[in-house]
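Heads up: the structure comes next, in structure tokens.
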Amino acid sequence: MENVEHKGFGFSNHVFSYILFPVILIIAFVCYYRFMIKHDYIMSYEGVCDPYTESCFIGCEDDECTEEYYYSNVQKYAADLYAACGEDITDCEAANECLSGDRNCSVAFCDPASGVVCEVFNENSKIQDEMENIEGESLQDNIDEKDI
């Protein structure tokens, strides 16, 4: 029988493993620091849009699109967004507009020329909507009075 030499766990036998493992740890730490501590990235989200004064994108609450909502596309540097709003950015008014100190901030409204379906109302539409709301409320009041 041949004499089999047992190879140990020395550095020369596992050079790749001894280099790869620390490199992966360093990359993971750098990514964690950049994204979780410094917030060094751009956030893109749907902002508030008033279809009576701006050209808005149309979104649907459900698959059947029974209820529409209007929005603009906002892109903001995450560090600026967290500085203005704190950790809860969902109910922050400053999140819907570009502030003077914001870097890489943009608010995009719908452009009908781009082929995307947009919604723009005029003043007559606003008056008509208000009249429908008033008529709907008075009709509901009449129904409630008859039920009593």
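The values are calculated or read from the model by the stated rules, or taken from the named source; none is laboratory data. Not measured: the values here are computed from a predicted model. Reconstructed Cβ throughout: ideal geometry from the backbone, glycine too, with neighbour counts over all protein chains shown. Side chains are part of the model used for accessible areas, which takes the heavy atoms of the whole protein and leaves out ligands, DNA and RNA. Shrake-Rupley method; radii C 1.70, N 1.55, O 1.52, S 1.80 Å.
Which ones in segment 19-51 are in contact (Cβ under 8 Å) with a residue 60 or more places away in the chain and either touching an Asp or Glu at 6+ places or on another chain (Cβ under 7 Å) or open to solvent by 60 Å² or more (accessible area, probe 1.4 Å) (or both)?
Listed by number, the residues that qualify are I42, P51.
Given the criteria modelled with pLDDT under 85, under 19 Å from the mean Cα position of the chain (by Cα) and under 29 Å from C110 (Cα atoms), does D80 qualify?
So D80 does not fit the description; no.
Would you check which residues across segment 85-98 are touching a strand residue (DSSP E or B) at 6+ places or on another chain (Cβ under 9 Å) and either of a type in the set (S, T, Y) or surrounded by 11 or more Cβ atoms within 10 Å (Cβ to Cβ) (or both) and list them?
I89, A95, N96, E97, C98
So which residues in segment 55-84 are of a type in the set (D, E, K, R), open to solvent by less than 60 Å² (accessible area, probe 1.4 Å) and out of contact with any strand residue (DSSP E or B) (no Cβ under 7 Å at 6 or more places or on another chain), if there are any at all?
D62, D80
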